[in-house]
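The values are calculated or read from the model by the stated rules, or taken from the named source; none is laboratory data. All values derive from a computational prediction rather than experimental measurement. A quick note on method: Cβ atoms are made from the backbone with ideal geometry, for glycine too, and the neighbour counts reach across all protein chains shown. Just so you know, the surface numbers come from the protein's heavy atoms only, side chains and all, with ligands and any DNA or RNA stripped out. Shrake-Rupley method; radii C 1.70, N 1.55, O 1.52, S 1.80 Å.
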Amino acid sequence: MSWILVVEDDEDVSSFLQYVLEGDDFKVHTAATLAEARQRLSLGLPSAIILDRGLPDGVGLDLCRELNKTPEERHLPVLVLSSRKDPEEVREGFAAGADEYIVKPFQFVNVLAQVRALTACA
């Protein structure tokens, strides 16, 4: 079974993402901060990461950049969720290593479709 790491500080969004993904047979682990995400990643690598851009302890894109520095983590698909929709900010997300970038508010069905596509390619 594929598992997904959801890094999102909004508990409602995180819980609903977990509900939707688990309904599609993904196992889901959640983290509300970059520190929690790093700790979870130290225990094993997921099939994909859903990453909020703005987190209480930093910028989610920093985690993207970190992942791209190590050969074993560079391949991890990352889907960034953000309320930042300015084209330059979206480009920054892709430059940091995001495979997909979805602007909030979003349709959960679109996130699920992107996760399916990312994990099929992984």
(message) Name the single residue that is nearest to Asp25 (Cα to Cα) among those in the stretch 100-122 being open to solvent by 50 Å² or more (accessible area, probe 1.4 Å) and under 12 Å from the mean Cα position of the chain (by Cα).
(response) Gln114
(message) Being in contact (Cβ under 8 Å) with a residue 12 or more places away in the chain and of a type outside the set (Gly, Ala, Ser) narrows it down to one residue among Arg91, Arg84; which is it?
(response) Arg84
(request) Scan the stretch 1-53 for residues that are free of Cβ contacts under 8 Å to residues at least 40 places away in the same chain, within 17 Å of Pro77 (Cα to Cα), touching an Asp or Glu at 6+ places or on another chain (Cβ under 9 Å) and open to solvent by 40 Å² or more (accessible area, probe 1.4 Å) and report the count. (result) 4
(message) Looking at the stretch 15-28, can you tell me whether even one residue there is touching a strand residue (DSSP E or B) at 6+ places or on another chain (Cβ under 9 Å), under 24 Å from Pro105 (Cβ atoms) and in a loop (DSSP other than H, G, I, E, B)?
(response) yes
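Out of Ser2, Ser82, Ser15, I need the residue that is under 11 Å from the mean Cα position of the chain (by Cα) and among the small types (Gly, Ala, Ser). Which one? Show your work before the answer.
Working: Ser2 fails: under 11 Å from the mean Cα position of the chain (by Cα); Ser15 fails: under 11 Å from the mean Cα position of the chain (by Cα).
Checking each option against the conditions leaves just Ser82.
Counting only residues that are more than 10 Å from the chain's Cα centre (by Cα) and at pLDDT 95 or above, which one in the stretch 48-57 is nearest to Leu112 (Cα to Cα)? Before you say what the answer is, go through the steps one by one.
To start, the set of residues in the stretch 48-57 that are more than 10 Å from the chain's Cα centre (by Cα) comprises 54-57.
After this cut, where a residue has to be at pLDDT 95 or above as well, the list is 55-57.
Values: Leu55: 22, Pro56: 25, Asp57: 26 Å.
The selected residue is Leu55.
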